[in-house]
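Worksheet: the structure to be examined is printed underneath.
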Amino acid sequence: MEEELKCPVCGSFYREPIILPCSHNLCQACARNILVQTPESESPQSRRASGSGVSDYDYLDLDKMSLYSEADSGYGSYGGFASAPTTPCQKSPNGVRVFPPAMPPPATHLSPALAPVPRNSCITCPQCHRSLILDDRGLRGFPKNRVLEGVIDRYQQSKAAALKCQLCEKAPKEATVMCEQCDVFYCDPCRLRCHPPRGPLAKHRLVPPAQGRVSRRLSPRKVSTCTDHELENHSMYCVQCKMPVCYQCLEEGKHSSHEVKALGAMWKLHKSQLSQALNGLSDRAKEAKEFLVQLRNMVQQIQENSVEFEACLVAQCDALIDALNRRKAQLLARVNKEHEHKLKVVRDQISHCTVKLRQTTGLMEYCLEVIKENDPSGFLQISDALIRRVHLTEDQWGKGTLTPRMTTDFDLSLDNSPLLQSIHQLDFVQMKASSPVPATPILQLEECCTHNNSATLSWKQPPLSTVPAEGYILELDDGNGGQFREVYVGKETMCTVDGLHFNSTYNARIKAFNKTGVSQYSKTLVLQTSE
């Protein structure tokens, strides 16, 4: 509750808190620091003189004053007064925008409550931003919040450091008890030595140090006095004004037509009303705690589902990569086959041309040697045959023998554009939450098994499923490839089917359902019972 005990201006614990008419609290010193002077025409006296004032505290019209805006630039000013200078806006440690005084307050040795307040001062609540003009009483016209002071005292005492023994001579030890009658804190050795539980001291009441510290601090506080009559204590409560009043206020007739009740009775009534309101708020707080538990469980579930979905995504992408690698191996095999074929054709042509060239060269050398012979008759006997062989060999070289039978280029072109387009279009199928039918369940093969003549099956919803399933329907055939029949309907995600035939093959499938309809069947699972 520490935030409830801190001033919205200074950010520290309230010091001498006062209650504004809007029910918010301020330190007296902070309230004085955020006072702003208003033009003479807007003073309470001029308002009452003109008949427009109806109370001691006059709230400024919202259309005449703009001190706060969610979208402003950090400055506030009087929008309706041409003579009023703009007042820069500051932020308190609690993040609330406040407005410093237009001029530094005069030096004074009086307390903030007793120091004189500039005439025609205006104060703006830093929490609800309601503005009001102070009357002649100034800050003394605001009631002091004694209850808040007491709560702060108890809170600070509960957070204070551990108390020390008051009777230790050298290094004081931590106190373990406090005697309410002696008003002394003792450690255990000093208590046994100086406060033995016998004789008159046996009747003294020893309490824990924290309790004793609080009881010591809880000295009778000043009774709350009337803001109009400082010497009078509050004794009655005005129902219309919703404020405590004193007898002198009633004698002056300020609440003559109002319903006035005893202060003690209204104190008990409002305590009862606050307790009842706290019961309702306690229920809401309990629901909020349960909701936070639900949200934390959702965080855990989201993390688990994320891990499961990532594993599923990695498996799917790995399957695509494996398929692509297999296709890559097939295409490389075709390229290698084409490569070997081209090399074989070229090498065969090289071998054939080499043999032919060797034969041609040999024929040419033989013919040259024949030409060198000087025997005409012998030359003429073989010349015709040689001439025919030369022409025949020449013709053989001219029939495409000198043309390569194979090109160096590979006449293969991989058409990968459809696959690249499919990869670029690869995306998640967003399951719409408005889809009325649940997603198809997934059989968990690692948990499905058979034993003797019984079969156990397990399934789950897909990781991306956003439509809850109200139940599942498990179907088996008759073991001979016949029609499927329902063997289980319910919310569980695991089922054991007994009484099956031995040495039989059963087909199983599962589907989910909700109020709208049923999902598609899962993949069929084949189960084999024992012999």
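The values are calculated or read from the model by the stated rules, or taken from the named source; none is laboratory data. Remember, it's a predicted structure, so these values are computed and weren't measured experimentally. Every residue, glycine as well, gets a Cβ built from its backbone with ideal geometry; the counts of neighbours run over all protein chains shown. Keep in mind that these areas ignore ligands, DNA and RNA; they rest on the heavy atoms of the full protein, side chains included. Shrake-Rupley method; radii C 1.70, N 1.55, O 1.52, S 1.80 Å.
For the range 197-215, filtering for residues that are modelled with pLDDT of 85 or more and within 45 Å of the chain's Cα centre (by Cα) leaves 1. Of the residues making up the range 385-409, those that are open to solvent by 70 Å² or more (accessible area, probe 1.4 Å) and farther than 20 Å from residue 361 by Cβ are 403, 404, 405, 407, 408, 409. The lone criterion from (1) modelled with pLDDT of 80 or more; (2) surrounded by 19 or more Cβ atoms within 10 Å (Cβ to Cβ) left unmet by residue 117 is number (1). For residue 335, state whether it is touching a residue at least 40 places away in the same chain (Cβ under 8 Å), among the β-branched types (Val, Ile, Thr) and more than 30 Å from residue 142 (Cα to Cα). It is true that residue 335 is touching a residue at least 40 places away in the same chain (Cβ under 8 Å), among the β-branched types (Val, Ile, Thr) and more than 30 Å from residue 142 (Cα to Cα). Taking the condition of being farther than 24 Å from residue 519 by Cβ, modelled with pLDDT of 90 or more and polar (S, T, N, Q), how many residues in the range 473-502 meet it? Total satisfying the criteria: 0. Looking across 530, 465, 522, one residue alone is assigned to a loop (DSSP other than H, G, I, E, B) and touching a Lys or Arg at 6+ places or on another chain (Cβ under 9 Å). It is 522. With respect to the conditions (1) part of a loop (DSSP other than H, G, I, E, B); (2) within 60 Å of the chain's Cα centre (by Cα); (3) over 30 Å from residue 324 (Cα atoms), residue 415 falls short on a single one, namely (3). For the range 156-181, filtered to residues that are touching a residue at least 24 places away in the same chain (Cβ under 8 Å) and out of contact with any strand residue (DSSP E or B) (no Cβ under 8 Å at 6 or more places or on another chain), the residue that is surrounded by the most Cβ atoms within 10 Å (Cβ to Cβ) is 157.
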